[in-house]
Amino acid sequence: MGSRSRLLPELPVIEFSRENLNPGTDLWISTSKRVVFALEEYGCFVAKYSVFTSQAHNEIFHAVEELFDLPTATKSRNTSEKPYFGYVGQHPSIPLYESLGIDDVTTLEGVQSFANLLWPAGNNRFRDGTRAFSKKVSELEQMVKTMVFESYEVKKYYGSHVASSTYLLRFMKYRAPDMNETSRGCDIHTDKSFMTILHQNQVQGLEVKTKDGDWIAFEPSPSSFLVMAGDAFLAWSNGRIHSPLHQVVMKEKSPRYSLGLFTFHRGRIEIPRELADPESPLKFKAFNHYGLLHYFCQDSVPKDVCTAQAYCGI
């Protein structure tokens with residue numbers, strides 16, 4: 001008999017519909033268990049978010065294309081003192097990649113200042129559409145976080161945790177490679193966020209690495225979002241939650257557009273004492289989230305491993 005080929009795993013898919021989003025119900029509890037399992041074993045899962053319509057999907061990506069059609073000099077106005085929060089593009093090491101970011105995107109002030117910067121005459125349609133998208137996705141992020149805090153029996157910390165949360169929305173474009181050009185859209189890395197939620201057009205390219213070393217492709221659809229844990233979530237959970245390595249490899253002839261909502265925290269992130277016990281002692285100390293991000297940006301720090309252990313590990 002010939003050897004049978006091993007089937008590659010698939011990312012967990014979890015429905016987030018009106019029926020299972022009622023806290024305390026049996027369906028909420030069973031969904032919570034699936035969320036925690038996925039984050040612990042894969043570091044991510046695909047959320048089927050039924051309240052996000054195909055029309056909303058089409059409208060936000062129309063806005064994304066409009067944004068990237070602006071001249072490079074205009075996009076370059078998007079600057080920030082925080083690494084990776086402003087415009088990134090035209091970089092020889094990642095020639096296919098270009099992105100812009102809106103800090104505090106769930107606030108009117110955050111979106112308005114970005115829109116005014118790129119469209120001095122105003123662009124209310126972009127402003128309103130971007131804010132509505134970010135609000136809807138941040139609600140998904142908070143639902144996932146609520147499920148984790150409840151499952152770990154640390155719900156009493158949830159209010160202060162959310163109060164310190166801030167959201168960065170990044171617009172990302174990966175153009176198709178020219179002949180003899182690298183197909184790598186971005187290098188292998190883990191995110192430094194607490195949580196990342198990605199939504200993309202129909203062009204594939206994102207791949208997530210499992211603990212066993214397999215690469216799984218994210219299959220996009222208008223209602224699907226990839227919910228991914230970052231290094232800060234791993235540290236906060238005392239190592240229970242996995243922060244997965246991932247990359248973008250461009251194999252199609254069309255550009256890949258993606259939106260990423262990244263959660264960061266002002267001040268220090270405390271590791272709940274309840275998540276440590278004699279069998280699983282405390283592995284991380286309290287840390288400054290933006291300090292973790294700045295640490296990652298040092299040239300001497302490896303990019304293809306989780307940064308939390310080196311930055312705030314005990």
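With respect to Ser32, determine if the residue is surrounded by 14 or more Cβ atoms within 10 Å (Cβ to Cβ), hydroxyl-bearing (Ser, Thr, Tyr), closer than 29 Å to Thr190 by Cβ and in contact with an Asp or Glu (Cβ under 8 Å, 6 or more places away or on another chain).
Judged against the criteria, Ser32 is a match.
Got a sec? Which of Glu98, Glu109 is farther than 15 Å from Arg175 by Cα and among the acidic types (Asp, Glu)? Working first, answer last.
On the way: Glu98 fails: farther than 15 Å from Arg175 by Cα.
Just a single option satisfies the conditions, and that option is Glu109.
What's the number of the condition Ala73 fails, among (1) without any contact (Cβ under 8 Å) to a residue 60 or more places away in the chain; (2) among the small types (Gly, Ala, Ser); (3) in contact with a strand residue (DSSP E or B) (Cβ under 6 Å, 6 or more places away or on another chain)?
Just one mismatch for Ala73, condition (3).
Hey, Asp104 hits all of (1) more than 17 Å from the chain's Cα centre (by Cα); (2) surrounded by fewer than 19 Cβ atoms within 10 Å (Cβ to Cβ) but one; which does it fall short on?
That leaves (1) as the condition not met.
Keeping to segment 174-216, report how many residues are of a type in the set (A, V, I, L, M), assigned to a strand (DSSP E or B) and crowded, with 17+ Cβ neighbours inside 10 Å.
Here the count works out to 6.
Would you confirm, using the coordinates I've provided, whether Lys135 is under 17 Å from Gly260 (Cα atoms), out of contact with any strand residue (DSSP E or B) (no Cβ under 6 Å at 6 or more places or on another chain), among the charged types (D, E, K, R) and assigned to a helix (DSSP H, G or I)?
Details: under 17 Å from Gly260 (Cα atoms): yes; out of contact with any strand residue (DSSP E or B) (no Cβ under 6 Å at 6 or more places or on another chain): yes; among the charged types (D, E, K, R): yes; assigned to a helix (DSSP H, G or I): yes.
Spelling it out, Lys135 is indeed under 17 Å from Gly260 (Cα atoms), out of contact with any strand residue (DSSP E or B) (no Cβ under 6 Å at 6 or more places or on another chain), among the charged types (D, E, K, R) and assigned to a helix (DSSP H, G or I).
Just to be sure I understand the filter: pairs with C-beta atoms under 6 Å, separated by 6 or more residues or on different chains, first member in segment 279-305 and without any contact (Cβ under 8 Å) to a residue 60 or more places away in the chain, second member among the charged types (D, E, K, R). Which pairs pass?
Ala286/Arg268; Ala286/Glu270; Asn288/Arg268
Given the criteria of a type in the set (S, T, N, Q), in contact (Cβ under 8 Å) with a residue 40 or more places away in the chain and surrounded by fewer than 21 Cβ atoms within 10 Å (Cβ to Cβ), does Ser243 qualify? Lay out the reasoning, then the answer.
On the way: of a type in the set (S, T, N, Q): yes; in contact (Cβ under 8 Å) with a residue 40 or more places away in the chain: yes; surrounded by fewer than 21 Cβ atoms within 10 Å (Cβ to Cβ): no.
In short, no.
Condition first: in contact (Cβ under 8 Å) with a residue 24 or more places away in the chain and buried (at least 17 other Cβ atoms within 10 Å of the Cβ). Now tell me which residues in segment 126-135 satisfy that.
Residues satisfying the conditions are Phe126, Gly129, Thr130, Arg131, Phe133, Ser134.
Being on the phi > 0 side of the Ramachandran plot and touching a residue at least 40 places away in the same chain (Cβ under 8 Å) is the filter here, so list the residues in segment 12-43 that pass it.
Just the residues of segment 12-43 that are on the phi > 0 side of the Ramachandran plot, to begin with: 24, 43.
Result: Gly43, single match.
What's the total number of residues in segment 56-87 that are farther than 17 Å from Arg127 by Cα, over 22 Å from the mean Cα position of the chain (by Cα) and loosely packed, with under 13 Cβ neighbours inside 10 Å?
3
Out of Leu140, Leu96, I need the residue that is of a type in the set (A, V, I, L, M, F, W, C), in contact with a Cys (Cβ under 9 Å, 6 or more places away or on another chain) and crowded, with 16+ Cβ neighbours inside 10 Å. Which one?
None of the other options fit; the residue is Leu96.
Being within 30 Å of Tyr158 (Cα to Cα), in contact (Cβ under 8 Å) with a residue 60 or more places away in the chain and not hydroxyl-bearing (Ser, Thr, Tyr) is the filter here; which residues of segment 200-217 pass it?
If the condition is that a residue be within 30 Å of Tyr158 (Cα to Cα), in contact (Cβ under 8 Å) with a residue 60 or more places away in the chain and not hydroxyl-bearing (Ser, Thr, Tyr), then Val208, Lys211 are the ones that fit.
Could you list all residues from segment 253-311 that are part of a strand (DSSP E or B) and surrounded by fewer than 16 Cβ atoms within 10 Å (Cβ to Cβ)?
Scanning segment 253-311 gives Arg268, Asp277, Ser280.
May I ask you to say which residue of Asn116, Asn78, Asn123 is without any contact (Cβ under 8 Å) to a residue 60 or more places away in the chain, more than 26 Å from Asp191 (Cα to Cα) and in contact with a helix residue (DSSP H, G or I) (Cβ under 7 Å, 6 or more places away or on another chain)?
When all the criteria are applied, what remains is Asn123.
If you check Glu150 against the conditions, is it modelled with pLDDT of 95 or more, part of a helix (DSSP H, G or I) and surrounded by 16 or more Cβ atoms within 10 Å (Cβ to Cβ)?
On the way: modelled with pLDDT of 95 or more: yes; part of a helix (DSSP H, G or I): yes; surrounded by 16 or more Cβ atoms within 10 Å (Cβ to Cβ): yes.
When the stated conditions are applied, Glu150 passes them.
Of all residues being out of contact with any Lys or Arg (no Cβ under 7 Å at 6 or more places or on another chain) and acidic (Asp, Glu) in segment 54-99, which is farthest from Ser224 (Cα to Cα)? Just the residue, please.
So the residue we want is Glu81.
The values are calculated or read from the model by the stated rules, or taken from the named source; none is laboratory data. Treat the numbers as computed from the prediction; the structure is a model and nothing was measured. Backbone-built Cβ (ideal geometry, glycine too); neighbour counts: all protein chains shown.
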